[in-house]
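Here the structure comes first, spelled out in structure tokens, and everything after it is commentary.
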Amino acid sequence: MNTIGDFHVHTNFCPHGSNDSMESYVVAAINKGLKSITFTEHAPLPKTFIDPTPNRDSAMLWEDVDKYLNEANELKEKYKNTLNIKIGFEIDFISGYEESTKELLNHFGPHIDDAILSVHMLQAPNGEYVCIDYSVEEFERIIQQFGTIDNVYKTYYKTIKQAILSDLGKYKPIRIGHLTLIEKFSKVFRAKEDYLQEINGLLDLINEKQYELDANTAGYYKEYCNNCYPSLDIMRIASDKGIRLIPGSDSHASKHIGRGFEQIPDDITLSSPGTM
Ligand SMILES: [Zn+2]
Ligand SMILES: [Zn+2]
């Protein structure tokens, strides 16, 4: 198994995750033989954005950010001889909220080492926002709202394209999170078209920008997905184009650190994140 590190890790500051302490993730990483981790807690959503999930639990609270950064810094220092700990965020790209996201990045950017840019929120044709990875029931409602499942997929990949091209300032994350997250419920709701051409175009843009890709194993454990994000085939295409693949378990519990990395075969080269 690849042990360079796990660069997509959540914490007890995530309202939809477990209460496992940040230190328990560090200990789990050391026990697994990993060399590095990045804490990538969901950064708070823009203050003017209303979290569309039923429990409004998509991201950490603004008032927790300082506590999160302080605790990460303490652990970084405490474990500096055993584990390379990077401090970061998973940043939501929300179409229409680029300015507030840029402000957030300008504010916190100097205090972090690494970050991921992900799309979880889409704007529906009626202007409302939806969260695509919340639940199978919610996904069904989203399909109805968009008219067809393919409209949802098209909007998702269009939003990823916007994310790659957006100007989020000098602290914009260079790693694109779980590129095919839209497939989370694909065993229940299957798109009619295939999106390989769109994905190929996105990989070309990622390559042009010298961005990285989150090689995210969480989907293996989602019952309606059973695949990594993106698939191994797409990881190979990305790698052939020269894109760096950065392993991430997307753990929301300490026992899931490094989970699924053994399913990525050795012919796929995984790398550590570059510097921001
Ligand atoms: Zn999460
Ligand atoms: Zn995510």
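Which percent, nearest 5, of DSSP beta bridges in region 83-194 are antiparallel?
Counting DSSP beta bridges with both partners in region 83-194, the antiparallel share is about 30 percent.
Rounded to two decimals, what ratio of Rg to Rh does region 106-167 give with C-alpha atoms and a Kirkwood Rh?
Radius of gyration over Kirkwood radius for region 106-167 works out to 1.08.
At 4 °C and a viscosity of 1.567 mPa s, what translational diffusion coefficient does Stokes-Einstein give for the chain, taking Rh as the Kirkwood radius over Cα pairs? Give it in µm²/s as a whole number.
The diffusion coefficient I find is 69 µm²/s.
Would you please put 11-18, 244-251, 58-65 in order of how densely packed they are, using the mean number of other Cβ atoms within 10 angstrom per residue and starting with the highest? Show your work: numbers first, answer last.
Values: 11-18: 19.0, 244-251: 25.6, 58-65: 17.4.
By packing density, highest mean first, the sequence is 244-251, 11-18, 58-65.
Any idea what the dipole of the chain comes to, in debye rounded to 20, about its Cα centre with Lys/Arg Cβ at +1 and Asp/Glu Cβ at -1?
With only Lys, Arg, Asp and Glu charged at Cβ, the dipole is about 360 debye.
Highest mean first, what order results for 162-170, 109-117 on Cβ atoms within 10 Å?
109-117, 162-170
Tell me which of Gln123, Tyr224, Ala28 sits at the most positive position along the dipole axis of the chain, charges placed on C-beta atoms (Lys, Arg +1; Asp, Glu -1).
The residue sitting farthest along the positive end of the dipole is Ala28.
How many percent of DSSP beta bridges within region 6-263 run antiparallel, rounded to 5?
Numbers: 4 of 28 bridges.
Once the DSSP bridges in region 6-263 are tallied, antiparallel ones form about 15 percent.
Taking θ = phi - 60°, what integer Hz values does the Karplus form 6.51 cos²θ - 1.76 cosθ + 1.60 yield along region 185-190, in sequence order, with x for Gly and Pro?
10, 6, 6, 9, 10, 9
As a quick test, which of the pairs Lys158/Lys222; Lys78/Lys102; Lys32/Lys161; Lys161/Lys187; Lys32/Lys76; Lys187/Lys209 have an alpha carbon distance above 29 angstrom in this structure? Show your work: numbers first, answer last.
Details: Lys158/Lys222 24 Å; Lys78/Lys102 31 Å; Lys32/Lys161 35 Å; Lys161/Lys187 25 Å; Lys32/Lys76 18 Å; Lys187/Lys209 33 Å.
Correct reply: Lys78/Lys102; Lys32/Lys161; Lys187/Lys209.
Identify all aspartates and glutamates with a Cα-Cα distance to Lys170 below 19 Å; exclude those on the same chain that are fewer than 8 residues away in sequence.
Once the sequence-local aspartates and glutamates are set aside, what remains near Lys170 is Glu90, Asp92, Glu98, Glu99, Glu103, Asp113, Asp114, Glu208, Glu212.
Could you work out what % of the accessible surface of the chain is carbon and sulfur, using a 1.4 angstrom probe and leaving DNA, RNA and ligands out of the count?
Solvent-exposed carbon and sulfur of the chain make up 46 percent of the total.
Solvent-accessible area per residue for region 135-208 at a 1.4 Å probe radius, Å²?
Numbers: 3390 Å² over 74 residues.
For region 135-208, the solvent-accessible area averages 46 Å² per residue.
The values are calculated or read from the model by the stated rules, or taken from the named source; none is laboratory data. Not measured: the values here are computed from a predicted model. Don't worry about glycine lacking a Cβ; one is built from the backbone with ideal geometry, like all the others, and counts go over all protein chains shown. To get the accessible areas, we keep the full protein, side chains included, count just its heavy atoms, and leave off ligands, DNA and RNA. Shrake-Rupley method; radii C 1.70, N 1.55, O 1.52, S 1.80 Å.
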